[in-house]
Amino acid sequence: MNRREVAAVIAFAGRLDPRLIRTDEAEARSQLDSWHELLGDVPATTGQGWDVRDAVRKRVVASQYPILPADVAREWNAHYRDRLGRHTDPTPRADPDDPQAWRAELVATRDAVVTGRIAPSPHRGVTTGEPRPDLEKVLKAVGIYVPDAVRAELAPFRPARAAREAAIAAGGPDIFSVRCEMCRAPKGEPCHERSGGGVRNRNTKPRVEPHPGRVEDALAAHAQALPA
């Protein structure tokens, strides 16, 4: 705002709170100087959501103390941060090999968002609410990560995983959901042949069949997870 616009803001605030009115010319000039110093970069209005008069009304109602220019500036900063927080920078059209032009376009876009000339671009905005009614149908149409036909072709090359998937498909427990106490295979990994000293050798071949103790532990965990 220029000095005339700031003077209009002071006059508006004075009508709402007569304590701001200055009758002495020197005091009025000093008041205008201090207000303009803090509000010179604050717009009077923008195209989307900001009006300095609303900020003045809000402060006058919320506080028993006389309004200060810093109060209005803080309201503008909050509005500024909110607008930018809902904005995702679109890819500039400028040549990416020209960093100055690239940055200038980004700055100009953000300034246009803040001042209300354009709406924020919520490309990465998080949506809320209930899932779409057709979400389940869409997910089924997308399919699974590994189609059944491909999974069948891969089965001879990963027999341990194939046996695990077959057991789960038959309604049994996931044997790999528990740690093997025999070979110390962690959750999610197949059992290995036990090497000397009780330490698993990473070069040993995975077992197609898990150790019996691991099967018993998985069955026990599966039974506990079943509803009573």
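Quick notes on this structure:
- Residue-count net charge about Leu38 - beta-carbon cut-off 15 Å; Lys, Arg +1, Asp, Glu -1: -3
- Total formal charge among the other residues, if their Cβ is under 9 angstrom from that of Ala155, Lys/Arg +1 and Asp/Glu -1: +1
Each reported figure results from applying straightforward, stated rules to the coordinates on display, with no laboratory input. None of these values were measured; they are calculated from a predicted model. Please note: Cβ atoms are built from the backbone with ideal geometry, for glycine as well, and neighbour counts cover all protein chains shown.
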